Amino acid sequence: MVSMNGKRAQNTRCIKVNLASFTVIGISILLCYTYMTTIMTASYKEKTVKLRLEKETENNFLPRVLVFVFPQFHSDDLNDFLWGKGFTDWDNLKKSPLKNRLGLKIPRPTELGYYDLTEVEPRRKQGELAKQYGIDGFVYHHYWFYDTTHPGPNIHKPLVNMLKDGHPDVPFALHWCASKWTNTWNGQVGPDFVFKEQGVLQKQYFPENDNNGRITAHYNWLRQFFKHPNYIKVNGKPLLMMYMKKPSSFPVLDILRELAVKDGFPGIYITVGLTKPHDHLLDIGDHSQYKTKPQSGTATLNRYSFDKVVSYPNPAEWNEKKSLQVPDWCIDGKAMTSGKKRLRDIAGIISSFDNTPRRSYEEAHLWSSELPVVVLERFRKSLHSAIYYEACCFPNDKTTNRKQDDDRFILINAMNEWAEGMALEPSDVYGRKFLQTILDTKLDTIAAGCNL
């Protein structure tokens, strides 16, 4: 027989075991509840953000925020010829030091890794990031040469594959980098390459007419993108951006426009990048003080029928350690009576810049030579100023009610120019903070409205 003391001890042990079991169960339930609450909260926030952005699109309050995409991350015949078999710009980043000469880390990719853009998965992920963080479209660098060495499209496989597999499934446009290539990198040319002209890697040439059908061939290649439902248009005109002003290219652009009209489009909406600040958003004082003189948007628009110019987002003397600013005439309710007219000028914004991977260690341009928190804040200020300017500074303008027809753009450099430190994609230095800044800035502007 078991004594009373033995029964009490046994019961005590049972109670302790049961209490322990209940405690484990309770903690498990609490952890499960916390996890589910977190998931539901995140899902609710994501849905709320999506609804806000969708509502904004219907109201068409904000300009479209576009981002350059560098398609170079894949094997290409031209790069094989110039730099050696299998070269991509990842090679420059991988061989670069961990830190620049100021001791700041050189950003490297994390979530997307060292991808090949001919593959669908990295392009799909790029599209998901764009949708999640409020990027309204990608602008792909387009390389078409009329020179006989490598005529036609180059570094274009990701674009062609996008048409086949549908990713990234976001609005997009093309940016024709219609310039010759010069050897300004610190890399060695490929074993089979011989310079025919000092420092020139690839020449560019523009035909004066279409007698030999080369411009028609160019248009026929472009039209497969122009016809795509995701292609960015302004009042039905496909958007084609030009990297730099090349007067000898004007006849080509004229013929491309004519071919587009014959093809059923009302034309092509053509912009051109200029080395200049945005005249309303960055006051740089006397232009003559700078070694590189800013180009004139007005003179360019008077010379050729570009629809707009782009204050190209490249580092320069006048924008180092500066952010764009909303002009005084647009704050405190003064926009209504300012009498100012919107410039035919697209604001360009640099995310960050450090070209150590492409230059010598001591000669690299360290435009964003500060701590990440400082770089991100300058980016935020510039983005907010550009968005506010386009959305609020011209209340008397009658803008279209349809986002897909609007001509208000902001252009960010870049989604993935990794070898120059311009990358919105997740990195080991910035994480997703550049992307989050875009989303937060748009949502904050939506919430605050035109109140500064």
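The values are calculated or read from the model by the stated rules, or taken from the named source; none is laboratory data. Computed from a predicted structure; not experimentally measured. When we count neighbours, we look across all protein chains shown, and the Cβ atoms used for this are built from the backbone with ideal geometry, even at glycine. What goes into the accessible areas is simple: the full protein's heavy atoms, side chains included, and nothing from ligands, DNA or RNA. Shrake-Rupley method; radii C 1.70, N 1.55, O 1.52, S 1.80 Å.
Of note:
- Between Lys105 and Arg52, the simple spin-label model (points 7 angstrom out along Cα→Cβ) gives 2.9 nm.
- Sorted largest first, the spans of the alpha carbon positions of the stretch 263-338 along the three principal axes are 45, 37, 21 Å.
- Note on exposure: His141, His365 ranked by accessible area (1.4 Å probe, complete protein assembly) read His365, His141, with the most exposed listed first.
- Label zone at Ser305, where the point sits 7 Å out along the Cα-to-Cβ direction: the stretch 402-421 residues whose backbone N lies under 20 Å: 407
- Those lysines that a straight Cα-Cα span of less than 19 Å connects to Lys442, excepting residues fewer than 8 apart in one chain: Lys45, Lys47, Lys50, Lys55, Lys131, Lys381, Lys403, Lys433
- In a simple Cβ point-charge model (Lys, Arg +1; Asp, Glu -1; nothing else charged), the stretch 179-318 has a dipole of about 240 debye relative to its Cα centre.
- Considering only Gln289, Ser311, Ala299, the residue lying farthest towards the positive end of the dipole of the stretch 274-320 is Ala299, judged by Cα position with unit charges set on Cβ.
- Given a 1.4 Å probe and the protein chains as shown, Tyr430 ends up with an accessible area of around 20 Å².
- Packing rank of 374-381, 337-344, where each peptide gets the mean count of other beta carbons within 10 Å, highest leading: 374-381, 337-344
- Cα centroid separation, the stretch 363-425 to the stretch 112-150 (Å): 18 Å
- Candidate lysines - alpha carbon under 20 Å from Lys291, same-chain residues fewer than 8 apart omitted: Lys245, Lys276, Lys321, Lys322
- Only Lys, Arg (+1) and Asp, Glu (-1) charged, at Cβ; the stretch 109-161 dipole about Cα centre in debye: 100 debye
- Stretching Glu320 away from Gln404 to a fully extended chain increases their span by 26.9 nm, per 0.36 nm per residue minus the current alpha-carbon distance.
- Among residues other than Phe195 with Cβ under 15 Å from its Cβ, the summed charge is 0 (Lys and Arg +1, Asp and Glu -1).
- Normalised by residue count, the stretch 188-306 yields a Cα convex hull volume of 201 Å³ per residue.
- Label positions at Ile284 and Lys95, each projected 7 Å from the Cα along the C-beta direction, are separated by 3.3 nm.
- Helix axis angle, 250-262 relative to the chain longest principal axis, alpha carbon, degrees: 70 degrees
- Inter-probe distance in nm under a simple model that places probes 7 Å from Cα toward Cβ, at Thr292 and Tyr205: 2.9 nm
- Farthest positive-ward along the chain dipole, Cα basis, beta-carbon charges - from Tyr205, Ser368, Thr271: Ser368
- When the chain is described by a simple charge dipole with +1 on each Lys and Arg Cβ and -1 on each Asp and Glu Cβ, the residue from Leu174, Ala386, Ala217 located farthest towards its positive end is Ala386.
- Shape of the stretch 75-209, Cα gyration tensor, a/c cut at 1.5: oblate
- Rounded to 10°, Cα long-axis angle of helix 372-392 versus longest principal axis of the chain: 60 degrees
- Counting only DSSP beta bridges with both residues in the stretch 187-318, the antiparallel share comes to about 20 percent.
- About the Cα centre, charge dipole magnitude for the chain (Lys/Arg +1, Asp/Glu -1 at Cβ), debye: 1280 debye
- Estimated 222 nm signal from helices in the chain, with DSSP H stretches of n ≥ 4 weighted -39500 (n - 2.57), rounded to 500: -12000 deg cm²/dmol
- Candidate aspartates and glutamates for bridging to Lys237, where Cα separation is under 15 Å - those fewer than 8 sequence places away on the same chain excluded: Asp254, Glu258, Asp263, Asp307, Asp405, Asp406, Asp407
- Per-selection Kirkwood Rh - the chain (Cα, Å, 1 d.p.): 24.5 Å
- Evaluated at q = 0.20 Å⁻¹: base-10 log I(q)/I(0), Debye formula over Cα of the stretch 163-205: -0.74
- One quarter of the surface of the convex hull around the alpha-carbon atoms of the stretch 78-140 equals 6.2 nm², the direction-averaged projected area.
- Extension gain, Ser179 to Asp192, is 2.4 nm, computed as 0.36 nm per intervening residue step minus the present C-alpha separation.
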